[in-house]
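The values are calculated or read from the model by the stated rules, or taken from the named source; none is laboratory data. Quick caveat, the model's predicted, so the values are computed rather than measured. Don't worry about glycine lacking a Cβ; one is built from the backbone with ideal geometry, like all the others, and counts go over all protein chains shown.
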């Protein structure tokens with residue numbers, strides 16, 4: 001049975017828009033069918049600020065894979081596209097970041113996989129494109145719609161929609 005999985009794409013090194021196209025293409029080959037994609041947004045770096053601005057996009061897929069299988073595919077795609085992970089370092093510059101935000105309305109909590117993504121409600125760069133695609137979706141833990149989470153978000157970083 002097909003499940004809906006929502007991804008956040010992010011990056012700030014190289015031709016990020018081109019990398020997103022490659023990531024989406026790889027997700028279609030390895031994970032499932034693309035259903036919707038948001039506009040691309042840009043924002044200042046979050047966490048460690050002295051780096052290039054980030055580009056972000058939300059994509060929604062249908063998949064036959066289980067959540068941990070989706071994670072394995074995402075990590076493979078990141079690596080193929082040049083992502084180098086450094087243990088213990090967060091919020092660094094990167095070619096690509098593929099985060100699983102939601103897998104249907106399931107709640108998953110393992111050492112290496114937490115769904116819904118634990119910080120999505122704190123980050124405008126995720127909430128703005130997410131609200132564009134699914135404003136009425138109810139966060140399964142917080143029991144609020146994406147539109148409500150966006151309205152109540154305390155993140156002050158400005159999010160700018162890029163023209164297509």
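Filter the range 109-125 down to residues that are closer than 15 Å to residue 5 by Cα and surrounded by 14 or more Cβ atoms within 10 Å (Cβ to Cβ), then give me how many there are. If you could, list the steps in order and put the result at the bottom.
Start the filter on the range 109-125 by keeping residues that are closer than 15 Å to residue 5 by Cα, which leaves 113-117, 120.
Within this subset, residues satisfying the condition of being surrounded by 14 or more Cβ atoms within 10 Å (Cβ to Cβ) are 113, 115-117, 120.
Qualifying residue count, the range 109-125: 5.
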Considering the range 1-52 alone, what residues qualify as being under 28 Å from residue 158 (Cβ atoms) and at pLDDT below 90? 44, 45, 46, 47, 48, 49, 50, 51, 52
Scan the range 20-42 residue by residue and report those that are touching a strand residue (DSSP E or B) at 6+ places or on another chain (Cβ under 8 Å) and surrounded by fewer than 21 Cβ atoms within 10 Å (Cβ to Cβ). 24, 28, 32, 33, 34, 35, 36, 37, 38, 39, 40, 42
Give, as residue ranges, the helices (runs of 4 or more DSSP H) completely inside the range 66-164 that count at least 3 residues that are in contact with a strand residue (DSSP E or B) (Cβ under 8 Å, 6 or more places away or on another chain) and in contact (Cβ under 8 Å) with a residue 12 or more places away in the chain. 67-80, 124-133
